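Report on the structure given below.
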Amino acid sequence: MSIPDNSTPMNLPPYTPVYRRESSLAVASLICGITTWFFIPFLGAIAAVITGHLAKKEIRESNGMLTGDGMAVAGLILGYIQLGLILLGIVGLAVFLIALASGVTSTITGPATYLFHFMV
C-alpha cells in the first residue's frame, strides 16, 4: 500500500506529559468521612460534607488536571449518612424523653401529685 499523492504529512506538536494529581480536598473529605465513624461523629461529618463539596467544585474547575472525584463522593456519602443518623438519634431521644415524662406524671399519686404539678 502506498501513500496517496495528495496527502500532506501532519506536523504534531511536541509531546508534553500531563501530570494529573489528586485533589487534597478530596483526600481530606474521605479521611474526615472515615474518622466520623470512629472518633468525632458530628464535627467529622460536617468537615467531610464541606470538604467534599469544595473538592467536587475544585475538580470540576481544574479542567482535568485534578482527580479524586470518587474520594470526594465517598466522603460526602459517609458524612451525610452520619449526619442523618445523628439527627435520627436526636429525634429518638426526644420521643423517648417525652414518653418518659408523660409516664412519670401518670404514675405519681397522693400528696406528691400536687407538688409535682406545681413544680412543672
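The values are calculated or read from the model by the stated rules, or taken from the named source; none is laboratory data. Owing to the predicted nature of the structure, the values given are computational and were not obtained by experimental measurement. Positions of Cβ are generated from backbone atoms using ideal geometry, with glycine treated the same way; all protein chains shown enter the neighbour counts.
Residues in segment 28-69 that are within 17 Å of L85 (Cβ to Cβ) and either in contact (Cβ under 8 Å) with a residue 60 or more places away in the chain or assigned to a loop (DSSP other than H, G, I, E, B) (or both): T36, W37, F38, F39, I40. So which residues in segment 54-101 are on the phi > 0 side of the Ramachandran plot and out of contact with any strand residue (DSSP E or B) (no Cβ under 9 Å at 6 or more places or on another chain)? Listed by number, the residues that qualify are N63, G64. What do you reckon, is G89 free of Cβ contacts under 8 Å to residues at least 40 places away in the same chain and either hydroxyl-bearing (S, T, Y) or exposed (fewer than 15 other Cβ atoms within 10 Å of the Cβ) (or both)? When the stated conditions are applied, G89 passes them. For the criterion of being among the basic types (K, R), at pLDDT below 95 and within 20 Å of the chain's Cα centre (by Cα), R21 fails.
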